[in-house]
Number of protein chains: 2
Amino acid sequence: MAENYEAEQSNQQTHQMLQEVSDALDNGMFLHARHLLKDMEPEDIAHLLEASPPKSRLVLWQLTNPDEQGKILEELSEDVKDGIMVRMHPSQLAAATEGMDTDDVAYLLRSLPNQVSQNVLAQMDAQDRARVEQALSYPEDSAGGMMNTDVVTIHSDVTIDVVLRYLRMRGGLPKATDALYVVDENSRLVGSLLITTLLTTQPDTEVLVIMDNSDEAIPVEMDDSSIASLFERRNWISAPVVDKQHQLVGRITIDDVVDIIRENAEHSMMSMAGLDDEEDTFAPVFKSARNRSIWLGANVLAALATASVSNLFECTLNQMTAIAVLMTIVPSMGGVAGNQTVALVIRGLAVGHIGDSNTRWLLTKEALVGVLNGIVWACVIGGIVVLWKGNWMLGCIIASAMMANLIIAGILGVTVPIMFKKIKIDPALASGMALTSITDMVGLSVFLGLATLFLV
Amino acid sequence: MAENYEAEQSNQQTHQMLQEVSDALDNGMFLHARHLLKDMEPEDIAHLLEASPPKSRLVLWQLTNPDEQGKILEELSEDVKDGIMVRMHPSQLAAATEGMDTDDVAYLLRSLPNQVSQNVLAQMDAQDRARVEQALSYPEDSAGGMMNTDVVTIHSDVTIDVVLRYLRMRGGLPKATDALYVVDENSRLVGSLLITTLLTTQPDTEVLVIMDNSDEAIPVEMDDSSIASLFERRNWISAPVVDKQHQLVGRITIDDVVDIIRENAEHSMMSMAGLDDEEDTFAPVFKSARNRSIWLGANVLAALATASVSNLFECTLNQMTAIAVLMTIVPSMGGVAGNQTVALVIRGLAVGHIGDSNTRWLLTKEALVGVLNGIVWACVIGGIVVLWKGNWMLGCIIASAMMANLIIAGILGVTVPIMFKKIKIDPALASGMALTSITDMVGLSVFLGLATLFLV
């Protein structure tokens, strides 16, 4: 299995480079730093910027080659990019966008204030502006917002030889071109011709004979997660985008999809901790504190609700201190067990394995897992408590509460994320905290309730 | 931003299909189910199998077309694949591997018991067996284990016309071929020729003139995470693999890398909940319960340690019940704040943004975030407690404990994952629980300690 915590050769190189560049900056050797940056690829400079604290970032940016700035911006994560772009002049931004793909320019412009992006658009040449404005007219996370408009099209009634001569005359193909698209006289997509097929076919063959005429194309309004899952399943390198009339309007390439696949997977982890997945590791203190405090505020409410539950049992706690000492164990186990189920269900929802057809099966399974683990850990904890506190009844009570809480945790671990998804709240964001609050309160109520009934 | 919880068109289709197929199975209409399966792509059948409970899986598998079984196996996740393969006969397995890529066959064989994989190898033809055995000689998660050996090579002293005629004679190119590799007489890699360049160049040009002679190639021992990060940064479709003598030994393509990128990102989320990232959502109850109980066992120890801390303050708890009621609040906030930092640091470590050069900066930042949020939530909680319990001293005590715990949570959130990484323990797996245990114990000790000093 892939272990992403292992020392990574390429990352180590970046860190050596980072160390070298930041040493140069610290010692005021700006010329040396600029020299170091000149030899680096734009994507490595982007990585360096992302791995730098905010102050060094701005100094580094000043030292980069203006001709490369567009390519560097493309590779930056949103938060870092925004921090840099707000300090650039519209004319600098317009210059940086030259030579960039339409979808990437649109992506950059979206993160700018409206006034600034209008200014940048005004400085672009007419043809580029028209293309970018078209891309901006689609939602950012749809095929229309992601696609590139530089597509090479051919007709089906020509021979391979003609195609080859056309391509040589055209000179240069867009990046990641693995197929030419075959269109009819109304620009409707009728098929595709893999470049590898083109290369291995006799020159006098007609396109019609060898083209792939399956009609799989991405509708312009499809959302980015669906596109990513299609690419992943079909092992595509690129795919055509069509409008409602099945007219070819653009092309999506794997490099843009890879970012979405990684972002979607990271989204689950970051959301479960209450963080935005675009959160910059090196964001300024005040901004970070503000981003996190919403989540802490939600937890204050949850913690107070739990405290109110204990408050209901004040008399019980007053009469037997051992209960207060032990009362955190059952909620803690319920939270851990429930969050295991939540993590499993959130991944299942994200990759599309969980739907109406198997929810009930999964619910039964997780409840039974709760029963099994409930039996095991109820015995363990019950036994330890009997030995520790010398009270059989207390042992039985904590064992029963543990059992009940682990079963409830299993059931809620399935139902809570699915319910959030149904009501269109991001399950990755909300499920963990909702579940922990419920298992805390239920665990505490059952334990303290049983203790009140049988011990006081 | 990509929101992976949105209804996904393609996944909905799969679920309709799943419903249809499982209805057919329930009603004993096996012929109809087989008919439905015949029209589906192998990758969609794989998805269907992954989204099915174990029993339906075996029935479904019996109904698939034997000629397609190899392709379906390739697309399955490890756990699901293992469950199916152990029930197949070596000769069936050998038949299924025909036409599969070398790396995929090696990947399949690795998950079989040694005896069975020897049997399967014995049934393959000599050339295939030699290739697969070579792939098996490299570690699974290295370039050697991932690469394909079907590489198209050319020499630098021929013209484009010769290359084109050679390719036509060869007929058919391996999937995802975006470049031909140029080698010298000793099979050493000297450059690469993009297919798109090949197509747009005049036939009489020599390869030497237009080839890309940058020497970027993947060393055969490079680990899969580094490969994924290189592909992602360089936007590669495929890349050559070389041995220590810089001889070309194979080729890695983006479709295999996409799986690693997603697995690595999922790994962090699943590990933080104490789950294996290959964990099957629909695993049998007993197996799931066993997989999760290790983690629950670790948490039992943590919960008992926390209870022992409260036990030290039994006298204090005995004298003032309000303290027992409020004692869960400070640990809870510390756990949430600390886990936010942990999630951020784990992602930073995984994508290679965090290294020696910026650890101290990050530590200071997270400690300051702790201070800021500490001030805010200490005031809020302190105020609420004063209003609720009417005790100024108690309010001040909980506020001080909150402040201390949030700062400690920030500091530990950075140091704990980095320390685990240094001692080669997976930080995603161990950090969350280690941190929660420490913040629980510290938060409780500070709160109960201060209460003992000032209130009892």
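Table for the structure above
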item	result
q = 0.06, 0.09, 0.13 Å⁻¹: log10 I(q)/I(0) that the Debye formula gives for chain A, counting C-alpha atoms only	-0.42, -0.81, -1.21
Cα-projected label distance for B:ASP67 with A:ARG290, points at 7 Å along beta-carbon direction, nm	6.3
Rotationally averaged projected area of the stretch A:352-421 (alpha carbon convex hull; nm²)	5.1
Peptide B:334-343, shielding by other chains (average Cβ, 10 Å cutoff)	6
Across B:LYS81/B:LYS244; A:LYS365/A:LYS421; A:LYS424/B:LYS38; A:LYS175/A:LYS244, pairs whose alpha-carbon gap is larger than 30 Å	B:LYS81/B:LYS244; A:LYS424/B:LYS38
Net charge contributed by nearby residues that have their C-beta within less than 14 Å of A:GLY338 (K/R +1, D/E -1)	-1
Global form of the stretch A:62-131, assessed from the alpha-carbon gyration tensor, a/c cut-off 1.5	rounded
Value of Rg to Rh for the stretch B:319-396 (Rh from inverse mean 1/r over Cα pairs, i.e. Kirkwood)	1.15
For peptides A:310-316, A:218-224, sequence by mean Cβ density within 10 Å, most packed first	A:218-224, A:310-316
Alpha-carbon centroid distance for the pair the stretch B:113-155 / the stretch A:286-351, whole angstrom	51
B:ILE425-A:VAL86 pseudo-label distance in nm [points 7 Å out on the Cα-to-Cβ vector]	4.0
Kyte-Doolittle at least 1.6, axis length at least 20 Å by Cα - qualifying DSSP helices, chain B	B:392-422
Formal net charge of residues neighbouring B:THR149 (Cβ-Cβ distance under 14 Å; K, R +1; D, E -1)	-4
Dipole of chain B [Lys/Arg +1, Asp/Glu -1 at C-beta], most positive-end residue of B:LEU93, B:CYS315, B:MET403	B:CYS315
Hydrodynamic radius (Kirkwood) for the stretch B:303-444, which is based on Cα pairs only, to one decimal in Å	15.8
Radius of gyration, Dmax [the stretch A:9-142; alpha carbons; angstrom]	15.7, 48
Whole-Å distance, taken between Cα centres, linking the stretch A:379-448 and the stretch B:224-258	46
For the stretch A:153-255, size of Cβ-based charge dipole, Lys and Arg +1, Asp and Glu -1, in debye	340
Shielding score for A:309-322, defined as the mean number of other chain Cβ atoms within 10 Å	4
Point-charge dipole on Cβ atoms (K/R +1, D/E -1) for chain B, about Cα centre, debye to 20	2020
Per-residue mean of C-beta atoms belonging to partner chains within 10 Å, peptide B:220-229	5
Dipole magnitude (debye, nearest 20) for the protein assembly as shown, charges at Cβ of Lys, Arg, Asp, Glu	3860
Relative contact order computed over the stretch A:153-255 (Cα-Cα under 8 Å; 6+ residues apart), in percent	28
Farthest positive-ward along the protein assembly as shown dipole, Cα basis, beta-carbon charges - from A:LEU167, B:ASN148, A:GLY383	A:GLY383
Surface/4 estimate of mean projected area, convex hull on alpha-carbon atoms of the stretch B:68-216, nm²	10.3
R0 of 22 Å, Cβ-Cβ distance A:GLU314-B:LEU301: FRET efficiency to nearest 0.05	0.15
Semi-axis lengths, Å, the protein assembly as shown, gyration tensor of Cα atoms, sqrt of 5 times eigenvalues	52, 34, 25
Dipole axis of the protein assembly as shown (+1 Lys, Arg; -1 Asp, Glu on Cβ), positive-most option in A:LEU18, A:PRO139, A:VAL446	A:VAL446
Helix-only [θ]222 nm of the protein assembly as shown, DSSP H runs n ≥ 4, -39500 (n - 2.57) each, per residue, nearest 500	-21500 deg cm²/dmol
Local electrostatic count, B:THR200, Cβ distance below 12 Å [Lys/Arg +1, Asp/Glu -1]	+3
Compactness of the stretch A:153-255 - radius of gyration and Dmax, Cα, Å	13.8, 41
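A short reminder: the numbers here are calculations on the coordinates, not readings from a lab. Since the model is a prediction, treat every value here as computed from it, not as a measurement. All Cβ positions, even for glycine, are placed from backbone atoms using ideal geometry, and neighbour counts span all protein chains on display.
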